[in-house]
Structures are given as C-alpha cells and as structure tokens.
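Undergrad: If you scroll down you'll find the structure; I have some questions about it.
Values quoted throughout were computed directly from the atomic coordinates according to the rules given, and no laboratory measurement underlies them. In this text, all values refer to a predicted model and were calculated from it rather than measured experimentally. Please note: Cβ atoms are built from the backbone with ideal geometry, for glycine as well, and neighbour counts cover all protein chains shown.
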Amino acid sequence: MNNENHFQNIISHAKEYGFVFPSSEIYDGLAAVYDYGQAGVELRRNLRDYWWKSMVQMHDNIVGLDAAIFMHPTTWKASGHVDSFSDPMVDNKDSKKRYRVDVLIEDFVEAHWQILLNGAKDIEVSKEKWDEIYSAQCQPTLDKMNKCLSENNFKGLNDLLTDLKIKCPISGTSNWTDVRQFNLMFSTQMGSVADDSDTIYLRPETAQGIFVNFLNVQKTGRMKIPFGIAQTGKAFRNEIVARQFIFRMREFEQMEMQFFVRPGSEMEWYNLWKQKRMAWHKSLGIPENKLRFHDHTKLAHYANAAVDIEFEFPFGFKEVEGIHSRTDFDLKQHEKYSKKKMQYFDNDVNPETGKPYGNYVPFVVETSVGLDRLFLLTLSNAFEEQILPKEDGTTDSRSVLHLPPILSPYKAAILPLMKKDGLPEAAKEIADGLRKHYNIFYEEKDTIGKRYRRMDALGTPFCICVDHQTLQDQTVTVRHRDSMTQDRISIAEIKTMIDKAVEIF
C-alpha cells in the first residue's frame with residue numbers, strides 16, 4: 001500500500017471509530033477545523049497528561065500555568081508578532097488560490113525525490129548512496145530557498161518558482177503573483193482595552209502568557225533559576241495552507257515549557273533539553289528510525305539556536321516539536337514596552353568574581369510540542385492493517401491501533417460472552433469496580449469475535465471475556481490486543497495486570 005492510501009485509511013479510521021470528525025460536518029464542514037470524538041478526546045487527554053506528568057510532576061523546578069487566550073494587544077507588539085509574524089505567500093492568478101512559497105517548493109522537491117525513488121525501486125542502492133543522490137538532486141534547491149527566506153529575498157523566491165516551473169495544483173498553471181508577506185494572526189474586537197484601540201488578537205502561541213507572568217510565578221513560587229514554567233492551551237493561526245488532516249490547523253493546542261536560565265548557560269541547557277525531549281518521544285514507543293533532529297537554517301528573530309524533532313508521517317518527515325534558545329529577547333521586549341523590570345536577583349556566587357551574580361534578565365530555552373500533531377503522530381505510528389491466516393487456509397483481516405496502554409482511550413473492555421445466564425450482571429460488576437481507577441469499555445452487542453475486532457480498532461490493550469466459568473471460579477479470559485493470545489486469570493488479578501501495563505516512570 002502506498003503512503004497516500006495509508007494516510008487516507010488513517011483518516012477514515014479516525015472518523016469511523018470516533019477519534020476525529022470534521023467540524024460542523026452537517027454544514028459541509030469548516031476547512032482545517034476538526035472536532036475530537038469520544039475516543040479521540042480520551043487519547044488526546046492521555047497524551048496531554050503524559051506530557052504534563054513527565055514535564056511538571058517529575059521535576060521539582062518546573063511549575064504550571066494557565067494563561068488567558070486574550071491578552072493586552074501591546075503583548076503582541078512587544079513580541080514582534082504584529083510586525084513580523086508572517087509567511088511569504090503567492091497567489092495563482094488562474095485558480096485564485098493562495099499558497100505558502102516554502103510549501104510549494106518543498107512539495108516540488110518531495111515529488112521529484114519520489115520520482116527518483118520509484119524509478120530505482122528495483123535497484124539495490126545503499127543508504128549512503130541515496131544520501132549522495134539527495135544531496136546532489138534535491139538539497140541545492142532547498143538551500144536556495146532557505147537562503148532567500150533568511151534574507152527576505154522575495155525576488156529570489158519568485159525566480160525559484162519560475163526556474164522550477166512550479167504549477168498550481170488546482171489550475172495547473174504557473175501564472176503566479178509576486179511573493180509577499182501575509183500576517184497569520186486572527187484579530188477580533190473587544191470593548192475598550194486601550195485608549196486608542198479596541199482590536200485584540202487570538203493568541204498565535206502560548207509562550208507570551210508565560211513571559212508576562214514570569215515574575216508572578218517566580219516570586220509567589222519562590223522559584224530559583226534555573227526553573228521552568230509549563231503550559232498547555234489553544235492557539236490560533238490563520239494558516240493559508242492548512243492541510244494534511246490535523247497536522248496543520250487554524251485552531252490547535254500547544255504544550256510548551258519555557259526554561260529560565262543564567263545568561264551564558266543557555267547552550268548547555270539547550271543541548272540537554274534536545275536530548276531529553278527526543279528521549280521522551282521514544283518513551284512513547286516511537287521507533288528511533290522514525291525520529292530525527294532538523295536544525296533550523298533560518299532562525300526566528302528571538303533565537304540564537306533552534307532545532308525541530310521530526311517524525312516520519314506517511315507524507316514524509318515533518319516537525320512535531322521545536323526546541324529553541326530564545327535568548328533574553330522576550331523578557332527584554334516586555335520590559336521595554338511595559339516599563340516594568342523583568343529581572344531576577346541571583347544570590348549564587350559567581351566563581352569568577354567571588355560576588356553574587358546579582359540582577360539580570362534571564363535567558364530562555366523553550367520546548368514546544370503541538371498536541372494535535374502529537375495525536376496524529378501517535379495514530380500514524382500505531383495504525384496497522386493486518387492480513388491474518390486462518391486454519392482453513394483462507395485469510396481474515398483487522399485494523400489495529402498498537403497504542404501504549406498508558407495512552408489507550410480505554411484500558412480494558414469488559415465483554416460478557418452472551419446476554420443471558422447472569423453473565424451481563426457479573427461483567428457489569430467487574431466493570432464498575434475497575435471504573436474507579438480506569439476508563440473501561442463495556443459492550444454486549446455482536447459476537448465476541450466482532451467485539452474483539454472493534455476493541456483492536458480502538459487500541460484497547462485488554463479484552464476481558466466473562467463466561468460461564470467465571471460464575472464458577474471467579475476467573476476470566478484475557479485477550480491481548482497485539483498478540484491476540486488469550487490466558488485465564490482471576491478477577492482479583494485484573495487491576496494488577498492493568499496497573500503494570502500503564503506504568504510510565
């Protein structure tokens with residue numbers, strides 16, 4: 001199965017089993033906006049909780065915050081978003097569609113690369129040789145694009161579109177407008193929030209809520225540098241090229257941590273957080289060969305170093321998390337615009353001077369992961385369509401989500417073998433006891449085999465079958481999702497089995 005078909009099957013699976021629905025679907029939907037269904041909201045919550053526990057609960061120097069979505073408009077002037085939060089865009093004059101220039105060029109390079117791969121699929125070529133081919137055939141184009149982006153060279157980007165003969169996917173023509181910048185912030189109106197303006201913005205990132213509360217948290221929590229402030233929450237960007245299901249949306253959720261450090265130590269912490277965050281993704285069961293670092297060639301105005309953690313989705317390696325050394329830019333900007341000091345007094349003794357470090361504006365190392373992208377990563381990594389041989393020589397099939405039990409929407413399904421003979425009553429008693437600790441699925445409808453298949457598709461790690469023997473000796477059959485093997489355990493052992501499966505630290 002090719003990657004495009006595989007990705008479409010993931011999207012179909014997400015809707016069929018209640019993970020993700022198109023928003024306002026009865027009105028034909030709203031582009032790049034999605035709703036999370038009954039299974040999706042559980043998986044999403046589990047991902048968020050897993051991140052929060054590992055980022056906040058397991059560190060004594062990282063605390064949480066929940067800042068408001070609406071902020072004083074000067075916040076975004078100070079952060080640079082009003083003046084520079086934009087992407088280079090181009091319109092096709094025939095289709096009237098607008099595109100991000102970097103996405104057009106990257107898609108062109110990816111299509112060219114796939115042609116090369118398909119043309120040599122029957123030839124034995126080493127990984128090193130493929131790397132050489134990519135460096136010769138594809139990388140120069142990306143290097144030219146990145147150079148133009150870093151220099152804001154719009155003419156160079158126009159020339160690159162022309163030289164590559166890139167066409168609009170809709171019209172099939174290369175009739176482009178000139179490249180220009182397009183601001184990505186949503187604006188709205190509120191009652192008077194400033195003397196001369198009532199325009200405010202839906203936050204395009206959650207980081208600024210942390211920066212403006214830096215001293216509030218530091219003083220009330222008696223935090224000592226180095227320390228971090230973590231936050232999860234919605235952000236909004238008017239993405240022109242919103243695509244690839246929930247990968248790029250206009251309304252999304254970020255999980256960020258801003259780590260405040262002593263100036264001069266930021267690169268040490270930057271490198272440490274790079275490794276810690278990569279290890280965290282691997283702890284979710286992501287294969288090492290599907291993850292990689294990608295260093296930024298064009299740095300944001302606030303950064304002196306930046307790297308992405310990329311995952312190999314069915315549509316290629318794409319960013320899931322960014323780690324940035326943001327210097328002291330944000331705090332100094334807010335100090336400048338608010339006229340309030342954003343400094344920390346460091347009592348520790350500087351070994352070079354023998355005196356306390358004193359007052360300074362801290363530097364910041366940021367880790368920022370998109371919850372929705374992490375959700376799509378988890379689905380993409382877990383989803384498998386299996387062909388299963390049967391004893392009579394024929395085959396069967398199943399769709400299964402190999403989710404880590406800690407992330408599974410339901411930790412177990414309690415399934416009475418049939419709807420009579422007291423089996424439902426016994427099964428409900430077991431389910432009610434487990435619900436005090438875990439999200440449990442209970443179902444009586446259909447044959448036991450069909451119910452097993454449904455639980456496989458939902459990623460439920462354990463199916464507990466209650467049968468007539470249960471009534472006699474208080475034992476149940478446990479069917480394991482990944483191996484489909486079955487064993488017999490006592491009712492008293494069920495919770496211990498689940499407890500062990502969901503251990504994370």
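Undergrad: Run lengths n ≥ 4 of DSSP H only: what is the helix-derived mean residue ellipticity at 222 nm for the chain, with -39500 (n - 2.57) per run over all residues, to the nearest 500?
TA: Taken over the chain, the calculation gives -11000 deg cm²/dmol.
Undergrad: State the percent of C-alpha pairs, over all pairs in segment 86-183, separated by a distance greater than 16 angstrom.
TA: Considering segment 86-183, 58 percent of its Cα-Cα pairs are separated by more than 16 Å.
Undergrad: Binning at 10 angstrom from zero up to the longest distance, how are the C-alpha pair distances of the chain distributed in percent?
TA: Histogram of Cα-Cα distances, whole percents per bin: 3, 15, 23, 24, 18, 11, 5, 1, 0.
Undergrad: Moving on. Normalised by the number of residues in segment 313-376, what is the relative contact order in percent for Cα pairs under 8 Å and 6+ residues apart?
TA: The normalised contact order for segment 313-376 reaches 42 percent.
Undergrad: Mind giving me the FRET efficiency for ASP482 and ILE69? R0 is 56 Å, r the Cβ-Cβ distance, nearest 0.05 is fine.
TA: 0.90
Undergrad: What distance in nm lies between label points placed 7 Å from Cα along the C-beta direction at GLN469 and MET185?
TA: 6.6 nm
Undergrad: Of all alpha-carbon pairs in segment 410-501, indicate the percentage at a distance above 17 angstrom.
TA: Tail of P(r) above 17 Å: 41 percent of Cα pairs.
Undergrad: Got a sec? Charge dipole of segment 272-429, +1 on Cβ for Lys and Arg, -1 for Asp and Glu; which of VAL365, GLN386, GLN275 is way out at the positive end?
TA: VAL365
Undergrad: Taking the Cα atoms only, what angle lies between the long axis of helix 329-338 and the longest principal axis of the chain, rounded to 10 degrees?
TA: 60 degrees
Undergrad: Give the whole-number value, in cubic angstrom per residue, of the convex hull volume spanned by the C-alpha atoms of segment 1-87.
TA: It comes to 215 Å³ per residue, whole-number rounded.
Undergrad: Which links in LYS274/LYS336; LYS419/LYS450; LYS129/LYS318 stretch past 19 Å when you go from one Cα to the other?
TA: Table pairs above 19 Å Cα-Cα are LYS274/LYS336; LYS129/LYS318.
Undergrad: Which entries of LYS96/LYS298; LYS420/LYS445; LYS15/LYS390; LYS53/LYS340 have Cα-Cα distances beyond 23 Å here?
TA: In this structure, LYS96/LYS298; LYS15/LYS390; LYS53/LYS340 exceed 23 Å between Cα atoms.
Undergrad: Quick one: which residues, 5+ away or cross-chain, put their amide H under 5 Å from the amide H of TYR442? H built at 1.01 Å from N.
TA: ILE414
Undergrad: Got a sec to turn the phi values of segment 267-272 into Karplus ³J(HN,Hα) couplings, 6.51 cos²θ - 1.76 cosθ + 1.60 with θ = phi - 60°, whole Hz, x for Gly and Pro?
TA: Couplings: 6, 4, 6, 4, 5, 5 Hz.
Undergrad: Same structure, new question: Under the Kirkwood approximation for Rh and a Cα-based Rg, what ratio Rg/Rh is obtained for segment 275-342?
TA: 1.15
Undergrad: In whole Hz and in residue order, list the ³J(HN,Hα) couplings for segment 131-142 that follow from phi through the Karplus curve 6.51 cos²θ - 1.76 cosθ + 1.60, θ = phi - 60°; x for Gly and Pro.
TA: 4, 5, 5, 4, 4, 7, 9, 10, 4, x, 5, 5
Undergrad: At a Cα cut-off below 17 Å, give the aspartates and glutamates reachable from LYS341, other chains included and same-chain residues fewer than 8 away excluded.
TA: ASP328, ASP330
Undergrad: Would you work out which of TYR50, PRO461, ASN350 lies farthest towards the positive end of the dipole of the chain? Charges go on Cβ: Lys and Arg +1, Asp and Glu -1.
TA: ASN350
Undergrad: I would also like to ask the following. Can you check how the C-alpha radius of gyration of segment 224-367 compares to 2.2 N^0.38 Å, as a plain ratio?
TA: 1.22
Undergrad: Equivalent ellipsoid semi-axes for segment 173-297, as square roots of 5 times the alpha carbon gyration tensor eigenvalues: give them largest first, rounded to whole Å.
TA: After scaling each eigenvalue by five and taking roots: 30, 27, 15 Å.
Undergrad: Can you tell me, using C-alpha contacts under 8 Å and at least 6 residues apart, the relative contact order of the chain as a whole percent?
TA: Here the relative contact order equals 13 percent.
Undergrad: Here's a follow-up. So who's got an amide H within less than 5 Å of the one on ASP35, skipping anything under 5 residues away but keeping other chains? H placed 1.01 Å off N, in plane.
TA: PHE21, SER23
Undergrad: Rounded to whole Å, give me the distance from the Cα center of segment 315-331 to that of segment 9-45.
TA: 27 Å
Undergrad: Residue by residue through segment 468-483, which ³J(HN,Hα) values in whole Hz follow from phi under the Karplus form 6.51 cos²θ - 1.76 cosθ + 1.60 (θ = phi - 60°), with glycine and proline marked x?
TA: 5, 5, 4, 5, 8, 10, 6, 10, 9, 8, 9, 10, 8, 4, 6, 8
Undergrad: Same structure, new question: Check MET71: other-chain or 5+ apart residues with amide H under 5 Å from its amide H, H built from backbone geometry?
TA: Distant-sequence amide H within range of MET71: TYR201.
Undergrad: How would you classify segment 51-139 from its alpha-carbon gyration tensor, with a ≥ b ≥ c the square roots of the eigenvalues: rounded for a/c under 1.5, else prolate if a/b is greater than b/c, otherwise oblate?
TA: Oblate, since a/c reaches 1.5 and b/c is not below a/b.
Undergrad: Follow-up question, since we're still on this one. Once you have the alpha carbon radius of gyration of segment 338-416, what is it after dividing by 2.2 N^0.38 Å, with N set to its residue count?
TA: For segment 338-416, the normalised Cα radius of gyration comes out at 2.37.
Undergrad: So what are the radius of gyration and Dmax for the Cα set of segment 200-258, in Å?
TA: Over segment 200-258's Cα set, Rg and Dmax evaluate to 14.6, 44 Å.
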